[in-house]
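As structure tokens, the structure follows; a few thoughts come after it.
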2 protein chains.
Amino acid sequence: MAETHSPDAHTSDQGRTAAGDSYDSLKAAPVQRVRAAIRKRRFNGQTAGLAPGRLQANIAILPASHALDFMRYCQRNPKPCPLVAVTDTGDPMMRTAGDVDIRTDVPSYNIYRDGALAGTVDGITDLWRDDFVAFALGCSFTFERALQEAGIAMPHIAANATVAMYRSSIETRKAGPFGGGTVVSMRLIAPDRVDDAIRISAAYPWAHGAPVHVGDPQAIGIADLAAPDWGDPPIAPAGIDDAVPVFWACGVTPQNALRLARPPICITHTPGRMLITDVDERADQPFVGVPAQSNPTKGD
Amino acid sequence: MAETHSPDAHTSDQGRTAAGDSYDSLKAAPVQRVRAAIRKRRFNGQTAGLAPGRLQANIAILPASHALDFMRYCQRNPKPCPLVAVTDTGDPMMRTAGDVDIRTDVPSYNIYRDGALAGTVDGITDLWRDDFVAFALGCSFTFERALQEAGIAMPHIAANATVAMYRSSIETRKAGPFGGGTVVSMRLIAPDRVDDAIRISAAYPWAHGAPVHVGDPQAIGIADLAAPDWGDPPIAPAGIDDAVPVFWACGVTPQNALRLARPPICITHTPGRMLITDVDERADQPFVGVPAQSNPTKGD
């Protein structure tokens, strides 16, 4: 497999269509069909809006030598790093998230060597190692959908733009080589909907949960809202002059921590092209199925 | 330090009083004074009701060789194993839980070798190793207090009895050598308070959260409520003939998983004698303090 460089890892292109499946053709498809298209390399585009209702996740794959420290980093920073699944060492199947082969079921992967981007590929079967551990971290798609369903405008989605993201002065709690500042995403919310936005997103701890800050950007070290560090400049809801900036912890935080830690190898999803799990995003726990609830041989 | 066997690890004795501090003398004391008494080995008794408002935790200490699998087990089973803190490998300070030295700040420790109880001690300074990792898991004291404050009777507490606990047929999700059934604690609740009990306990995910089952014990493999596998027989609330059995995931679950996995060494708290952390049990995240919220050198 050739490693090809993506000119801009943050573009939201619609994936290949020549010999594959278009984003539009997958938009109404069930998760099984979407995953099959990704697994067969017929689709490698952005996943926002696909398989609605299924939990999507950021991915980080590390050697076992770095796995315990990274898992501690996630435990200590659950807002930016909400851990929803971890594979067994060397096992490419992410069993608690459904029928997921982490080597093939992400549309596009970024390969980092010693902290530097070394390539972008649409499968890692030939890179998989028996000391690899894969982590899935929840993402903002889940709460954005819930906010929209409650009638809270998400103008960046309507404009097909990427949400504005900023480096903040909120430090994460360190673990081994992992640390650094919290990256936040910001959405401008009408003043009379801010309380609703807080309450609704708080119900999704697996997807960054409640905001980490509301209001004055300078209070968390952000000088200029019009100049985000990632993504597109923010868009206010139509007709709202006094929209309030609301900041959520962002999945770019662990990506940054991974780059700063410079592990010999680390594989992530390409931004915007997430793992789509089988997990119901409304579940109170991010797992597929339920454990056995009864044992007919006992208790009779 | 001599390892002395405890005749019954499940007794709720009031700790030494001869040369130390009595439970009653500590009952109204702030957490700093309680911890100082434990650290100086002036108190080694049960901790229910001490330092009210502070999160108490089950403890498991393992060699690094078993730490990643155990942490995965906790991630996959958050109801019985709500992970609130993990130390860095070899570091005895549990920094995210406050001023906690895990070698001295638990009233009493059980030492397991190859899965078998090898002794009970009131300090592990001389057993500490530079490959040890300590895990703190939330416990039911937190939600029991919240239920009581809402006027939901906890007759076992009033009777100074241990809550009834049962092996259930609800299997945990395995991770490496860790697995086995979920142990549940059961409280009899007046029918008109069951919904409240579910709602209130759900607000404490760091303390087992909402119940795992309500009603028919046989549905989760429990034959006889009057014969618990651990603890004392259940007590119904006074004057309630039709109390409903409500089952919560229990911290004995990981203790069992640890014994079944038979690691060469594992150290736990002695049941009932928990780590008292500095964490506010009402906090939405189980950490002491907050990360920096502003950086005055930036954004001007």
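Where only DSSP H runs of four or more residues are counted, chain A gives -5500 deg cm²/dmol as its mean residue ellipticity at 222 nm, each run worth -39500 (n - 2.57).
Counting only protein heavy atoms and a 1.4 Å probe, tell me what percentage of chain A's accessible area is made up of carbon and sulfur. Reported share for carbon and sulfur atoms: 52 percent. Annotation: cysteines of chain B without a disulfide-compatible partner (Cβ-Cβ under 4.7 angstrom) are B:C139, B:C250, B:C266.
By the rule of a C-alpha distance below 18 Å, with chain neighbours fewer than 8 residues away ignored, the aspartates and glutamates paired with B:K40 are B:E3, B:D21, B:D24, B:D99, B:D101, B:D105, B:D122, B:D126, B:D278. Could you give the nm distance between label points at B:I240 and A:D241, where each point is 7 Å from its Cα heading toward the beta carbon? Here the modelled spin labels are 5.6 nm apart. Modelled spin labels at B:A226 and B:R199, positioned 7 Å past Cα toward Cβ, are 3.5 nm from each other. Plainly put, the tip 7 Å out from Cα toward Cβ on A:A226 is 7.8 nm from that tip on each other copy, the closest given first.
Based on alpha carbons, the Rg and Dmax found for region A:150-253 are 13.6, 47 Å.
The other copies place their A:S22 label points at 8.2 nm from this one, listed shortest first, where each point is 7 Å from Cα along Cα→Cβ. For region A:58-77, a drop of 20 Å² or more in accessible area on going from the chain alone to the assembled protein chains (1.4 Å probe) is found at A:L68, A:M71, A:R72, A:Q75, A:R76. Here region B:174-246 is assigned +1 on the Cβ of each Lys and Arg and -1 on the Cβ of each Asp and Glu. Its dipole about the Cα centre then comes out at about 380 debye.
All C-alpha pair distances within chain A, sorted into 20 Å bins from zero, spread as 34, 58, 8, 0 percent across the bins. Remark: chain A carries 39 Å² of accessible area per residue (probe radius 1.4 Å; ligands, DNA and RNA excluded). The H on the amide N of A:V163, modeled in the peptide plane, is under 5 Å from the matching H of A:D232, each at least 5 residues off or on a different chain. Interface area, chains A and B: about 3600 Å² of buried accessible surface, summed, with a 1.4 Å probe and ligands, DNA and RNA left out. Translational diffusion of the protein assembly as shown, estimated by Stokes-Einstein from the Kirkwood radius over alpha carbon pairs at 20 °C in a medium of 1.002 mPa s, is 84 µm² per second. Placing a label point 7 Å from Cα along the Cα-to-Cβ axis, B:A116 is separated from the same position in the other copies by 5.7 nm, shortest listed first. If you run the Gaussian network model on chain A, springs between alpha carbon atoms under 10 Å, then out of A:I157, A:I276, A:I111 the most flexible one is A:I157.
Farthest toward the dipole's positive end in region A:110-219, which of A:F178, A:A150, A:I111, given Cβ charges of +1 (Lys, Arg) and -1 (Asp, Glu) about the Cα centre? After comparing all options, I get A:F178. Between B:I170 and B:T182, the built amide H atoms are under 5 Å apart, and every one of these is 5 or more places off in sequence or on another chain. Applying the Karplus relation 6.51 cos²θ - 1.76 cosθ + 1.60 with θ = phi - 60° to region B:152-165 yields 3J(HN,Hα) values of 8, 5, 10, x, 5, 6, 4, 8, 6, 9, 8, 4, 6, 10 Hz, where x marks Gly and Pro. Using a Gaussian network model of chain A in which every pair of alpha carbons under 10 angstrom is joined by a spring, one finds that among A:A51, A:A238, A:A190 the greatest mean-square fluctuation is at A:A238. Take the Cα of B:D216, step 7 Å toward its Cβ, do the same at A:E149, and the gap between the two points is 3.0 nm. Listed by chain and number, the aspartates and glutamates whose C-alpha is less than 13 Å from the C-alpha of A:K174, apart from same-chain residues fewer than 8 away, are A:D69, B:D88.
Could you compute the FRET efficiency for B:D192 and A:D280, with r as their C-beta to C-beta distance and R0 at 22 Å, rounded to 0.05?
With a Förster radius of 22 Å, E is 0.10.
The values are calculated or read from the model by the stated rules, or taken from the named source; none is laboratory data. Note that the coordinates shown come from a computational prediction; the quantities given were computed from them, not determined experimentally. Backbone-built Cβ (ideal geometry, glycine too); neighbour counts: all protein chains shown. All accessible areas refer to the heavy atoms of the entire protein, side chains included, with ligands and DNA or RNA removed. Shrake-Rupley method; radii C 1.70, N 1.55, O 1.52, S 1.80 Å.
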